[in-house]
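The values are calculated or read from the model by the stated rules, or taken from the named source; none is laboratory data. Owing to the predicted nature of the structure, the values given are computational and were not obtained by experimental measurement. FYI the Cβ positions are ideal-geometry reconstructions off the backbone, even for glycines, and counts take in every protein chain you see. Each accessible area value is taken on the protein alone, full model and side chains, heavy atoms only, with ligands, DNA and RNA left out. Shrake-Rupley method; radii C 1.70, N 1.55, O 1.52, S 1.80 Å.
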Amino acid sequence: MSEIEKLRIGTGFDVHAFEEGRELILGGVKIAFEKGLAGHSDADALLHAMIDAILGALGLGDIGTHFPSHDERWKGASSLEFLDWTHHKVKEMGASILSIDSVIMAQAPRMSPHIPQIRQSLAKRLELEESRLHIKSTTTDYLGFLGRGEGLAVQSTCLVRLA
Ligand code: MG
């Protein structure tokens, strides 16, 4: 297979509703905010979208197949566990992540002050140069459920090179 034929792209998308009394965790980093995200695990929508993008590129289904939300084992689990498992799969297949780009969509909180820390810690965890892991954020200009502050969404894209 030529080098170009070894390239695979994957996409991931995740949404969680905001809920009072939960911690807001994105990219494994705790973010000071009045609400957190509702979910079975820690509801880390950034990691969930990134994982789905990586799994898509590898052709390994989706996060719900591997970590079903009805499974008691994952109740309150840190999504970093899911990311580490996914990273292990990449290595097991002899593949490598070439780049991941994500966009966090939320009216609040303001994400940009937190992005450098999230980016640095995730790049380290995935053994990637920081230039290969990009994260950005946007609002929806007060439109829709995101604009009304009902939840947060993340879209991710990942490029991998297969063995
Ligand atoms: Mg999710």
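Computed quantities for the displayed model
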{"read-out": "Lys, Arg +1 and Asp, Glu -1 on Cβ, resulting dipole of segment 69-131 about Cα centre, debye, nearest 20", "value": "160 debye"}
{"read-out": "Accessible solvent surface per residue of segment 1-145, calculated while the other protein chains remain in place, 1.4 angstrom probe, Å²", "value": "52 Å²"}
{"read-out": "Extension gain from L143 to A17, taking 0.36 nm per residue of separation minus the Cα-Cα distance", "value": "43.8 nm"}
{"read-out": "Principal axis box of segment 40-163, alpha-carbon based, largest edge first, Å", "value": "44, 37, 22"}
{"read-out": "Taking N as its residue count, the alpha carbon Rg of segment 1-75 over 2.2 N^0.38 Å", "value": "1.32"}
{"read-out": "Segment 1-104, accessible surface, carbon-and-sulfur percent (1.4 angstrom probe)", "value": "53 percent"}
{"read-out": "Segment 116-163 - percent of accessible surface contributed by carbon and sulfur, probe 1.4 Å", "value": "49 percent"}
{"read-out": "Förster-model FRET efficiency, 30 Å R0, H70 and S96, C-beta, rounded to 0.05", "value": "0.35"}
{"read-out": "Additional length obtainable on full extension of the chain from D62 to R125, 0.36 nm per residue less Cα span", "value": "20.6 nm"}
{"read-out": "Max mean-square fluctuation residue, GNM over the chain, Cα-Cα springs under 10 Å, options L152, L98, L83", "value": "L98"}
{"read-out": "Value at 222 nm in deg cm²/dmol, rounded to 500, when DSSP H runs of n ≥ 4 in the chain each add -39,500 (n - 2.57)", "value": "-8500 deg cm²/dmol"}
